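Inspection log for the structure reproduced underneath, given as structure tokens.
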Amino acid sequence: MNLKKMVGIEAANYVKDGMVVGLGTGSTAYYMIEELGRRVNEEQLNIVGVPTSSASRNQALELGIPVKTIDEVTRVDLTIDGADEISADFQGIKGGGAALLFEKVVASYSDQVIWIVDESKMVDKLGKFPLPVEVVPYGEEHLFRIFEEKGYRPTFRLENETEKKITDCGHSIIDLHLDVIEDPFKLNEELNQLVGVVEHGLFLNMVHMIIVGEEKGPNTVT
Ligand code: 5RP
């Protein structure tokens, strides 16, 4: 079975009747949302979804899953989302799908967070996957220069050959090609202090459970 589909379906089992559920973004979260849609329709599962992107919102609505924004709920019971890299100490990089801002907001107001990944996402240290930094377009060239000076090898995320990618919130994404992040907490502090940086893809101490898709089956790690 497709490993992403396997963990998407497995994670959906943790959703119980009456829950407010954060709906992640990406090709793995897609299968989890599909499974929730199936349960809503076939098992009369009663949930409210809080989508982390316009793509997940559209998918949920098409499946008949009721949705609310994060500001229309007081709390999220459980968020299930994908990740781009997870280190041995369970820190993560997210944002490969450019939805990191809403993903981080929803995760931070969630009682429980589950990440669902195929085994290729598990690494010793973070950094091989380019770290996305979401920035306000006004002043973005200055931030880009600062990252260059620091040796972070920045590139603007592109939508196509000529246009920059614009997020659901109207921001740009600068990807940092770091190879290895020796101290994610220090880098987190550093990025948070730069004016014009809205958020970045380091998700530190945010996850409660990881479901890893392996050939032999889903491996749940807490
Ligand atoms: C989107 C994300 C995704 O969760 C991450 O990129 C993983 O995506 P996929 O499941 O398609 O590999 O952070 O912003």
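Each value in this text was obtained by applying a stated rule to the coordinates, not by laboratory testing. Computed from a predicted structure; not experimentally measured. All Cβ positions, glycine included, derive from the backbone under ideal geometry; neighbour counts span all protein chains shown.
With only Lys, Arg, Asp and Glu charged, each at its Cβ (+1 for the first two, -1 for the last two), find how big the charge dipole of segment 83-180 is about the Cα centre; round to the nearest 20 debye.
The calculated dipole for segment 83-180 is roughly 160 debye.
Take every Cα-Cα pair in segment 87-128 and report what % of them are more than 14 Å apart.
More than 14 Å apart: 55 percent of the Cα pairs in segment 87-128.
Could you state the per residue volume, in Å³, of the convex hull enclosing the Cα atoms of the chain?
126
Sorting Arg75, Arg57 on the 10 Å Cβ count, fewest up front, what's the list?
Ranked by crowding around the Cβ, least crowded first: Arg75, Arg57.
Which percent, nearest 5, of DSSP beta bridges in segment 9-114 are antiparallel?
Counting only bridges with both partners in segment 9-114, antiparallel ones make up about 15 percent.
Using only the alpha-carbon atoms, how far is helix 140-149 inclined from the longest principal axis of the chain? Give it as 0 to 90 degrees, nearest 10.
Its long axis makes an angle of about 70 degrees.
Below 8 Å between Cα atoms, with a sequence gap of 6+, how large is the relative contact order for the chain in percent?
On the way: 489 pairs, mean separation 48.6, N = 222.
Relative contact order for the chain comes out at 22 percent.
Expressed as an acute angle from 0 to 90° and rounded to the nearest 10, what is the orientation of the C-alpha long axis of helix 3-12 relative to the principal long axis of the chain?
That works out to roughly 60 degrees.
Where does helix 54-63 land angle-wise versus the long Cα axis of the chain, in degrees 0 to 90, nearest 10?
The angle comes out at about 10 degrees.
Give me Val133, Val113, Val48 ranked fewest to most by other Cβ atoms within 10 Å of their Cβ, as a rough exposure proxy. It would help to have the intermediate numbers written out before the result.
Numbers: Val133 29, Val113 23, Val48 17.
Exposure proxy ranking, most exposed first: Val48, Val113, Val133.
So, with +1 on the Cβ of K and R and -1 on the Cβ of D and E, and no other charges, what is the size of the charge dipole of the chain about its Cα centre, to the nearest 20 debye?
Details: 21 positive and 37 negative charges, 41 e Å.
I would put it at about 200 debye.
Here are some pairs, Lys5/Lys164; Lys104/Lys216; Lys128/Lys150; Lys4/Lys104; Lys68/Lys216; which of them have Cα atoms lying more than 25 Å apart in this structure?
Cα-Cα > 25 Å for Lys5/Lys164; Lys104/Lys216; Lys68/Lys216; rest within.
Nearest 500 deg cm²/dmol is fine: what mean residue ellipticity at 222 nm does the chain get from its DSSP H runs of n ≥ 4 alone, each adding -39,500 (n - 2.57), divided by its residue count?
My calculation for the chain gives -8500 deg cm²/dmol from helical runs alone.
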